[in-house]
Amino acid sequence: MKKAIIFVVFAAFLFFAAYEIHPFGELDDSRMDDYIIENAQNETAANNVVTSVVFDYRGYDTLGEATVLFTAIAGALVVLRRVKNE
Amino acid sequence: MNPFMIALVLVLVSVAIAIIRVLLGPTVPDRVVGLDTINTLVIAGMLLFGAAYKEIIYVDVAIVYALLSYITTLYIAKYLQGGKL
Amino acid sequence: MLAFIASAVFCFVIWLLLTFNGRMWGTDEIVAGIVMACIAGYISRKIFIKDFKLANPKRWLMILAYLPRFFYEMAKANFDVAYRVLTGRIKPGIVKIAPDLKSDLAITTLANSITLTPGTLSVDVDEEKNLYVHWINVKDEVLEKMPRDYKPICSTFPEWARRIGE
Amino acid sequence: MLRTTGGYWDPVLWIIGFIVIAIIAYIIRGFGRKDYKGGEQLKPYLSGVEEPSKEEVHIRAGNIYWGFMEALKGYYDAMMKIHTGIINDYIAWFVGISALLFIAVFLVEVI
Amino acid sequence: MMWEIIYIFLGIGVAFNMLGSLGLIRFPDVYTRLHAGTKCTTFGSIFICFAIIAYGLWRWYDGEKEMISLAIHTFFAMIAILLTNPTGAHAIARAAHRSGVKPARAVVDDLEAKEGEND
Amino acid sequence: MNVDWLLEHSPALIIVLPLLAAFLTPIIDKFSKKARNAFVIAVLIIEEILVIFLAHDVFTNGIHIYTMGAANPTETVPAQAAVPIRIVLEVDGMSIFMALISATVSLAAAIYSLAYIEEEKGKGKFYTLLLLVLVGMLGMELTGDMFNMFVFLEVLSIACAALIAYRSHFGDSVEGAFKFLIISSIAALFVLFAIALLYAQYDLLNIAALASAINYTHLDKIALVLLIAAFAMKCGAVPMHFWTPDAYSVAPSSITAMLVAASQASLYALFRVCFTLYGVTLNLATIGAVIIIFGLLSMFVGVTMAIPQKDIKRLMAYHAISQTGYMLLGVGVGLYLLTKPEFSSYGIKAMEGGIFHIINHAMYKGLLFLTAGAIYYRLKTRNLNEMGGLGHSMKYTSIFFIIGALAIAGIPPFNGFASKLLIYEAAYKVSPILSIIAMLVSILTLASFVKVFHSAFMGPKIHDVEEVPKSMLAGMAVLTFVIILFGLFPGWVVSNIVHPAAQALADQAAYIQAVLGG
Amino acid sequence: MSEERMSVIVTTIASLLFPFIFIFSFYVIMHGHLTPGGGFQGGAIGASAIVMLIVAYGAREVYKKASDEKLSIFESVGGLLFVLVGILGFILAASFLSNFLVGEPIFGNIPPFGSNPGELNSGGILPLLNIAVGMKVIGGLASVVLIMALAGGEKK
Amino acid sequence: MFEIGLILLSIFMVATAIIAVWFKDLLASTISLAAMSLLLSLYFYMLHAPDVAIAEAGVGACITTALLVITIKNTERMEEEGGEEE
Amino acid sequence: MIYNIPFYTVVALILIGLYAMLFKRNLIKIAIGLTILESGVNLFLITLGYRKEGVAPIYTNLPSGIDVPDKMVLPVPQALTLTSIVIGVAVLALVLSITMMIYRHYGTLDSRKVRRLKE
């Protein structure tokens, strides 16, 4: 019962956030993205702006992401290693 | 009004019916049939949306789905027929 | 080695089709295509190429000739199903047919074809390559003798499958 | 030498002081009567009963601070009750604290 | 003219798709639902693909060179649907039969007889 | 390869080096086990040297900026744009302070592990994951970008979870890992949600740029609440601490020592959000109070729950919660007092106490967990009831344990006393009750460690065991050395390392200026 | 053996689709900087091909051809490649992960601004990073599914 | 038309998510989760994010389901009775 | 605002996922809840990047009549979502493999019984 109450309060605040946010499709501010869209072709020589963000502007994040995948798979191999070797 | 877009909405209505089958289906195979139908319909929807906006490069997504969606079906089928996975 | 070349060529053709955008292919596309096709061909050589039957151009012609016929049957199947959806008149059953096909490719072609054509759905296939077919509108005369006659169930598809696959 | 707002703390000085006090204590101990060192005087007196050996009186970990826990029994019962070990409850605490914080942060603005 | 062809193709495709999902609701058991779900949606989707291929070829013929690639990619999607859908249907039917779902209102069941022999 | 080049690129190198080593370790493992061990240790030593090198520069020359992938690493804002586009690594006093802790603890844990896990299979993966934990901590601490912080938070938590489950032939081990992983994922997802809320309004991800643009709307408040709750849960503050004893008690001991440092990375993120992202100038007295309450609860509940424990590592885990409470109290008091200009000098002192306690805690709690691991290594049990008399045979271990226990209880002249003294004094300014509770907790801490010492090391000799191998002793000795060093020269440490860190945390304007210029 | 395999129809179709999925995955990886896709997406597709083989032929048979050790070494190599490209950024140009190939003969062409049909020979280091991530993802996802299937297969 | 599509998709996604949580049969939950992932991919696609749609397709179409099905195979299929409290 | 339907969808998905994690006792169900929660957050990021009548930020074969940058959706949220999806898969793989081990040791997936560690 207590769980239900706190869940409802939490839900109310999340819905409040959805109510407060800018209308769908009409952005408040897009300075960073406008710069990227305009200059991506010139700076990174790629047509796909998303790829140039993923690998160039935020390439370090992608390195981190690759590390996450590597970590999780190493973890799964570690966790299941005994079962496999039996 | 773009004809492809109208067709897309109609396809989505069909998806609704398939979801009802996923919800009702008394056995798991029935639900898988529903999922399979949704797969095909969504592929059609993706193709239609790509054509509606004349976005050629979007069609790749539909190919990916058409190639991969049946693997889900295969896994569940293999579970249902028993034996080792 | 031959298997590697065959699958690499197959991959290369698909690569060319995928990258065609209305103009001739640039050198970079071709070079990348060759490299990638070699890698993909090397990986898939033992899985893709079991035998070289499909390398025969006669079989390709056969497939092309088969398609319109198949398509016609498929259209018929759909109107059939539409009729049954709207009226709800069904008489289903699972019957066994012995199409006497040996190769995997032929049996696959046959099974997929009859899945997409009127009133039938392939359910299972056993070691002797006998097909078990779910038939939505069972005719009583077929049920009488045990090695079922496959003519009323799947018309001439086994012949086509034999021509393509064996 | 660590300066705090009110004063300072220097461990080197502290150690020197510690050693000095220890030496003084040792010297004072030297003034004591010699015949009291090492003898009956050092043994504990347990109503005349012989002192049991160290092996026998070693108290196991589960029994240490039994009295402390008995005194705070109500508190410990409440605490043990919320440490359920169920993952759902762990998440529930997170959600609950978030909800409380929401209310706290928004109430401050209202007041 | 071209638009009318596309309309017809689209109409057939959408109609069969809806019919297929309708059949999914109306039929009594898994196998008959598979008939509806596989045949009709495959057929409908193929017609939608035809519509798009026709559209792409038409635009290409009219001078928008890159639209050929829309047609080719749609063609690949169509081939993939044609290959994978019946296979999936076969896998489900087989699994359903092995997991013990018997066809409703069936007049004959050879497969069950065979499985009975083996036991 | 001159010194300037190295200095310029060191923020990136610090992260890339262990990452490269982590990718190389499985390959080297194929060829030779000895080479792998030597490689890992060498990498960690080089890492430590690099961090000290960078720390020296940061403490003398101020904030260090590195823009990933830019034509000029110090140019954060491109000429035509008004905001930072690329990911910026921003190393200020606080970041490098945390990085020092992480690198030191990792080095000690790796040396210790050489002997500790020798009976297990899959050691190549163990060292890979250990290096990845280090990568996660450093990545979180050095970055100046919200989303990047999220990514490395995930790296950290996944690597930790995999290592907790490392002894997967024990049921409780995988159970602890499961709980840790679920809790971490939820926290991380809500962090991502909060980042998205901030991004929705300002179209920015850089912490400094966000800090200059933020104007405390309703959405900002929701984001703040989610960030605080998530990071508080990740650092184990009561009442969201339940995962901490579960995870700490089942992990291999060297990993537990690193988990302490990992929790402190989350603590760092919490402080970064409160101080730098939202800024002291906003109405944050509430947040200060909230953090003080978290701290008080953590201190008290942690230590009282520790007393009845029978599992040695669970007991220490509860102490970890309690000590986290000290840090939260110190920094929370700082946050609370900084909003009142007349008390701001006390605020800085309180933060110094809290931050000094972070490094002290990492060292002595790491040491204590390592000694617990040494006991486990010989006895194969964690139950205190089955121990006894180890002081006869494991002399060095018991000496290390005594040092750690005295330090954690705040007995002079060890380092715990110095940081606690600072916290007591500043907390007294807010309310005398805070100081009294803090002292009481300190006494209870001593009491429970007396219990551990009594039941594990004293008493009759009932187990016939030997001293642990040399490499494990070496790992403990590294940390003991640091503890004694900090204990003897707290003034030097505070004025040269801790004060710049506290100053960096309190000075939002400098942080913003380093990125945006002007 | 026959327990682990699915029916002959499924295996035949899987064999037919396998090279197609693989070449498509390579297409998605290589054209990541021109069309939607990239290293991760292509890698997931390529891994799906192996996952499909696992379901069609059984995990044991796949394990004989590609063990999880091999696949994870493959993954490590992908990660190393990524980091090495980044480190080349230090050495050849200004900073870590900087795009040092723009304007060079390999992958260096700068496309004209605005809508254009695209050219494979552009993008700087992006295609290299795509390939690295692709290798990594193929190896990683395939190995995790493989080892989970194997761990289950040996029960009882 | 576009808006109608989005609204329909939203409803479908919420419905499938609820179904996925509601079922006691975990295999059915998995199927429903696969359907949700499919619709989520279509949603991404309609919001002009084809890159993300491909990623979600590649992951959701087979790898997530494969992992879940393998796990269910090795554990148990049905949720325990009284799985929900209060 | 009524036009914020995608945002409400996002919140609904998040809450459904959270509900599963709060009230469901089965560990696999908890993993499913985690996936749903993560889908919600991903969808939120994408909806933030949408711009009315925009096209995808890819310059290859753009439809005609696009003026940059007012008619392109934002690329950064898409990049963030990609990262987030990968992280989700990684977490799911690890969670499920740990779940398998838990079942091996405990013989159950009920979270009320998987509590050897408590107090």
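The values are calculated or read from the model by the stated rules, or taken from the named source; none is laboratory data. On a predicted model such as this, the values are computed, not experimentally measured, just so you know. Virtual Cβ from ideal backbone geometry, glycine too; neighbours counted across all protein chains shown. Keep in mind that these areas ignore ligands, DNA and RNA; they rest on the heavy atoms of the full protein, side chains included. Shrake-Rupley method; radii C 1.70, N 1.55, O 1.52, S 1.80 Å.
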* Relative to the present Cα-Cα distance, how much length would full extension add between F:Gln513 and F:Met439 at 0.36 nm per residue of separation? -> 22.6 nm
* For chain I, what does the equivalent ellipsoid look like in terms of its semi-axes, each the square root of 5 times an eigenvalue of the Cα gyration tensor, given largest first in whole Å? -> 40, 17, 8
* Cα long-axis angle, helix F:415-430 against chain F (0 to 90 degrees, to the nearest 10) -> 50
* To do: Go ahead and set up a Gaussian network model of chain H, Cα springs under 10 Å, then flag whichever of H:Thr64, H:Thr75, H:Thr16 fluctuates most.
  => H:Thr75
* Ranked packing of G:125-138, A:9-22, most packed first, by mean Cβ within 10 Å -> G:125-138, A:9-22
* **Label-point separation, F:Glu467 to A:His22 (7 Å along Cα→Cβ), nm** => 6.7
* **When the stretch E:2-101 is reduced to its Cα atoms, the Kirkwood hydrodynamic radius in Å** => 14.8
* Over chain C, with a single point scatterer placed on each C-alpha, what log10 of the ratio I(q)/I(0) does the Debye formula yield at q = 0.09, 0.20 1/Å? -> -0.45, -1.23
* Loop trypsin sites (Lys or Arg not before Pro), the stretch C:1-88 (other Cβ atoms within 10 Å of the site Cβ: 12 or fewer; DSSP) -> C:Arg23
* **Average partner coverage of F:411-422, which counts Cβ from other chains inside 10 Å** => 3
* Structure fact -> Hydrodynamic radius by Kirkwood for the stretch C:72-146, inverse mean 1/r across distinct Cα pairs, in Å, is 13.2
* To do: Skip the ligands, DNA and RNA, and give the accessible area per residue of the stretch F:3-516 with a 1.4 Å probe, whole Å².
  => 24
* To do: Between the alpha-carbon centers of the stretch F:417-431 and the stretch B:1-71, tell me the distance in whole angstrom.
  => 65
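So how much accessible surface do I and H hide from each other in total, probe 1.4 Å, in square angstrom to the nearest 100? Before the final figure, lay out each step's value.
On the way: alone 8940 and 6320 Å², together 11250 Å².
In total, this chain pair buries about 4000 Å².
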* **Where N is the number of residues in the stretch G:8-152, Cα Rg divided by 2.2 N^0.38 Å** => 1.21
* Asked: Using 1/(1 + (r/R0)^6) with R0 = 25 angstrom and r between the beta carbons of I:Asp70 and F:Ala79, what's the FRET efficiency to the nearest 0.05?
  -> 0.65
* To do: Pull up the cross-link candidates among the lysines for A:Lys2, meaning alpha carbon to alpha carbon under 25 Å and not fewer than 8 places away within one chain.
  => D:Lys73, D:Lys81, F:Lys179, F:Lys221, F:Lys234, H:Lys24, I:Lys24, I:Lys29, I:Lys113, I:Lys118
* **For the stretch E:2-101: accessible area per residue (Å², 1.4 Å)** => 28
* Structure fact -> Surpassing 19 Å at the alpha-carbon level, of the pairs C:Lys58/C:Lys129; C:Lys76/E:Lys39; C:Lys46/F:Lys30, are C:Lys58/C:Lys129; C:Lys46/F:Lys30
* Per residue and in cubic angstrom, what volume does the convex hull of the Cα atoms of chain D have? -> 328
* To do: First obtain the Kirkwood hydrodynamic radius of chain A from its Cα pairs, then insert it into the Stokes-Einstein equation at 37 °C and 0.692 mPa s, and state the resulting D in µm² per second as a whole number.
  => 185
* Asked: Cα centroid distance between the stretch G:69-128 and the stretch C:1-46, in Å?
  -> 22
* In whole Å, what are the Cα extents of the stretch C:2-51 along the three principal axes, biggest one first? -> 36, 16, 13
* Using Cα atoms only, what is the angle between the long axis of helix F:33-61 and the major principal axis of chain F, expressed in degrees (0 to 90) to the nearest 10? -> 40
* Across peptide F:144-153, what mean number of C-beta atoms from other chains lies inside 10 Å of a residue's C-beta? -> 5
* Asked: Where in the stretch F:291-319 is the amide nitrogen less than 19 Å from a point lying 7 Å along the Cα-to-Cβ axis of D:Asp77?
  -> F:305, F:308
* Please give the per residue accessible area of chain I, computed with a probe of 1.4 Å over protein heavy atoms only, in Å². => 22
* Structure fact -> Share of accessible surface on carbon and sulfur in chain F, whole %, 1.4 Å probe and ligands ignored, is 66
* Where the accessible area of chain C is counted over protein heavy atoms with a 1.4 Å probe, how much of it, in %, is carbon and sulfur? -> 67
* Asked: If you take the C-alpha gyration tensor of the stretch F:289-414, multiply each eigenvalue by 5 and take the square root, what semi-axes do you get, largest first, in whole Å?
  -> 34, 15, 9
* Structure fact -> Rounded to a whole number, the mean other protein chain Cβ count within 10 angstrom for residues of D:6-18 is 4
* Per residue and in Å³, how big is the convex hull formed by the alpha-carbon atoms of the stretch F:327-381? -> 49
* Asked: How many nm is it between the label spots at F:Ala38 and E:Ala15, if each spot is 7 Å from the Cα in line with the beta carbon?
  -> 7.9
* Asked: Could you give the radius of gyration (one decimal) and Dmax (whole number) of the Cα atoms in the protein assembly as shown, in Å?
  -> 33.6, 127
* Between F and D, buried accessible area summed over both sides at probe 1.4 Å, in Å² to the nearest 100? -> 4800
* Asked: Spin-label point model (7 Å from Cα, Cβ direction): what's the D:Ile28 to G:Arg5 distance in nm?
  -> 9.4
* Asked: Based on the alpha carbon coordinates of the stretch F:3-516, what radius of gyration and maximum Cα-Cα distance (Dmax) apply, in Å?
  -> 21.7, 76
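Rg/Rh for the stretch F:108-212 to two decimals, with Rh computed the Kirkwood way over all alpha-carbon pairs.
Across the stretch F:108-212, the Cα-based Rg/Rh ratio is 1.09.
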* Interface burial for B against E (accessible surface, 1.4 Å probe, total of both chains, Å², rounded to 100) -> 3700
* To do: Return the ratio Rg/(2.2 N^0.38 Å) for the stretch B:3-81, where Rg is computed over Cα atoms only.
  => 1.21
* According to the square roots a ≥ b ≥ c of the eigenvalues of the Cα gyration tensor, what is the shape class of chain H, taking rounded for a/c under 1.5, prolate for a/b larger than b/c otherwise, and oblate for the remainder? -> oblate
* Ordering I:Asp110, F:Asp172 by how much accessible area each has at a 1.4 Å probe, largest first, what is the list? -> F:Asp172, I:Asp110
* Structure fact -> From the Cα centre of the stretch I:94-114 to that of the stretch C:80-142, the distance in Å is 43
* Between the DSSP loop rule and a limit of at most 12 other Cβ atoms within 10 Å, which chymotrypsin sites (Phe, Trp or Tyr not before Pro) in the stretch B:1-79 are left? -> none
